[in-house]
Amino acid sequence: MAIRDNRSEWDAESAGVELLDLTVGELVDRQAEALGDREAVVYRYPEIGLDLRLGFRELRERVDAVARGLIALGVGAGDKVAVLATNVPEWLLLELAVPKIGAVLVTVNTNVRSSELEYLLRQADVHTIVLMAEYRGNAYADALAALVPELAAIDEPLRQPIANDAFPQLRCAVLLGERERAGFMPFATMLEAGNAVDAGVLRERQAAVRPRDTSQIQFTSGTTGAPKGAMITHRGTINNARLFGMRAGLQPGDRMVTAMPFFHTAGNVVDVLGLLVHGATLIKAIHFDALKLLELVAAERATILHGVPTMLIAMLQHPRVAEFDASSVRIVISGGTPIPVPVLEQVKARFGADPVIGFGMTEAGPMVTGTLASDSFGLKSATVGIPLPHIALKIVDAEGRVVPLGTPGELLVRTFSVMSGYYRMPEKTAEAIDGDGWLHSGDLATIDAHGYVRIVGRIKDMIIRGGENVYPAEVENFLMRHRAIQQAQVVGVPDPYMGEEAAAFVQLRAGMQLSEDELRDHCKANMSRHKLPKYFRFVESFPLTPSGKVRKFELRDGFVAELEGASGSKVTP
């Protein structure tokens, strides 16, 4: 047991697992030699002419081809390569090829807008950007062309690097797909250019890479200021993915169906590196579609399904769900938001699989905790499990003092996979990681005597009602235990008397009915008065990020606007 007395402090334990000292390139090569033609990657999309199956050896060959192409473009060690696309095969190859040559992968959210792209290109010192032309009405190529008008005058991108004063490091834009556009280099042309790069050059570049070098810059959402680029490493991500995979029960030969976005650590660390290090198969969805995932699970005899709760709920509620054989599924991996016990029971009933719940954050590289296979549904619903091996935790008050067990406080993490810092943001780095190496998560949490962590909210999300602290996650968990409620989200809104009040947004289960008065009475009978939401709103759906998390700020802003519209005046505390 790693808990100290009655203190909310968990000492790191190795659990007998030694950390690997590998780079991403070395991992790709090692698995290619060990596993050969065993299936590594599957894209099953005959409806769009994409039917790709790669063994580990062929995966390495394609990764090396992309790596040589990047070298041909002049991408050097430490240069930043940004990728803006959905979960297409080229994204996967770039994830492994960029760090193989000592360059740094910069992930870009597919919801990016022009001003955000401008910031990212400048802040990350991007050398090369690889992008698709557009996705769901978001015209990425048009946005880049407007930001970099010099592209229009480039006839031969391979010989004419971009020269733009606003983005002094930017040299090349590579376009995915068959469409051609002035100034953009087609991805196929980059691969052709790589044919002229000797294999020995690639070996030399790879040999110079070290496990503790930065492999990725992952930008945070920027909801509380300018987005920050977390620098995570080869060694950190590989071992983090390996340890979480061990906690989840991954085995060689497992087959995972997943739609988690590659721009997110859940998609490119937990999924890609986790399956690679465990010798398992990635069956990838280009984007989330409940019916498509059900089809992939059945057709590919998946043993693992990975998705955030909103994805799982959409699959369980799909009208054709009963048509698909999911008997092969052994594990369902989820997390990100609390999952009520009834949903866990539905997952078990439909997929016959034991859910594994994890918690992580980009800056931690990313996974921090995970549930055990033997844990009850109650534990899996109420907690995010216990810390992974080699991870130390403590929970502290506002003065930095460790709090007693069961007492809410800020969750701090110290481990090998914590980011090396925010790129070109030393002051923000110092705010996030203290002098003793503790990462301040910003999450409010508790830990019990057995090491189980409960996330009760974000420090900035905490509602202070009349001087009493109200933790949204605690109220959400209570609401979702009601048999009629599918999902609940709680936000704080200004109140002239109490300072803040809670507003609960509730989504009912299909076919269920519940009135506001019935719900309010239920809460009054079972909840402390200061935690009782003042407002209830029934909704059909929630605004989501591309990774499936609820955009709480949109719920709050919309509701505040509704209150102001009803009162005719600005709502302030």
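FYI, it's all coordinate maths here, none of it is from the lab. Computed from a predicted structure; not experimentally measured. Glycine gets a Cβ as well: all are built from the backbone with ideal geometry, and neighbour counts include every protein chain shown.
Computed values, structure above
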quantity	calculated
Debye equation applied to the C-alpha atoms of region 468-567, log10 I(q)/I(0) at 0.17, 0.25 Å⁻¹	-0.78, -1.53
Under Karplus coefficients 6.51, -1.76 and 1.60, residue-wise ³J(HN,Hα) of region 123-136 in Hz, glycine/proline x	5, 8, 6, 5, 8, 9, 10, 10, 8, 8, 5, 6, 7, 6
Region 24-210: radius of gyration over Cα atoms, expressed as a fraction of 2.2 N^0.38 Å	1.02
Integer Hz, Karplus 6.51/-1.76/1.60 couplings in order for region 45-60, x for Gly and Pro	9, x, 5, 10, x, 10, 9, 10, 9, 10, x, 5, 5, 5, 4, 4
Calculated from backbone phi, Karplus (6.51, -1.76, 1.60) coupling profile of region 552-566 in Hz, x at Gly/Pro	5, 5, 5, 4, 5, 4, x, 6, 4, 4, 5, 5, 5, x, 6
Gain on full stretching of the segment that runs from residue 6 to residue 544 - 0.36 nm per residue minus C-alpha separation	189.8 nm
Beta bridges per DSSP with both ends in the chain, % antiparallel, nearest 5	60
Fraction of beta bridges assigned by DSSP in region 184-312 that are antiparallel (%, nearest 5)	40
Distance histogram for region 296-405 (every C-alpha pair counted, 5 angstrom bins, percent rounded to whole numbers)	2, 11, 19, 21, 17, 12, 8, 4, 3, 2, 1, 0
Cα Rg over Rh - region 176-285, Kirkwood	1.04
Mean projection area, nm², convex hull over Cα of region 108-232	9.1
Potential extension, residue 420-residue 179 segment - 0.36 nm per residue separation minus Cα distance	82.9 nm
Share of alpha-carbon pairs per 10 Å distance bin for region 19-66, given as whole %	27, 44, 23, 6, 1
Computed [θ] at 222 nm, deg cm²/dmol, the chain (DSSP H ≥ 4; -39,500 (n - 2.57); rounded to nearest 500)	-9000 deg cm²/dmol
Rg/Rh ratio calculated on Cα atoms of region 284-350 (Kirkwood radius)	0.91
Cleavage-rule hits (trypsin sites (Lys or Arg not before Pro)) in region 59-149: DSSP loop, at most 12 neighbouring Cβ within 10 angstrom	113, 136
The chain - charge dipole about Cα centre, Lys and Arg +1 at Cβ, Asp and Glu -1, debye rounded to 20	680
Cβ-derived FRET efficiency at R0 60 Å, residue 448 paired with residue 122, nearest 0.05	0.85
Relative contact order, percent, region 289-434 [alpha-carbon distance under 8 Å, six or more residues apart]	16
Long-range amide H partners of residue 219 with built H, under 5 Å	107, 230
In nm, spacing of pseudo-spin labels at residue 14 and residue 166 (7 Å Cα→C-beta vector)	5.3
For peptides 4-10, 254-260, 342-348, 280-286, sequence by mean Cβ density within 10 Å, most packed first	254-260, 280-286, 342-348, 4-10
Region 70-180: equivalent-ellipsoid semi-axes (sqrt of 5 x gyration tensor eigenvalues, Cα, Å)	18, 17, 14
Förster radius 45 Å - calculated FRET efficiency between residue 152 and residue 566, Cβ distance, rounded to 0.05	0.35
Length-normalised contact order of the chain in % [C-alpha pairs under 8 Å, at least 6 apart]	12
Length gained when the stretch residue 512-residue 431 is fully extended (0.36 nm per residue, less Cα-Cα span)	24.5 nm
Computed label-point distance, nm, for sites residue 407 and residue 210 using a 7 Å Cα→Cβ extension	4.2
Cβ-based net charge around residue 167, under 15 Å, with every Lys or Arg adding one and every Asp or Glu removing one	-2
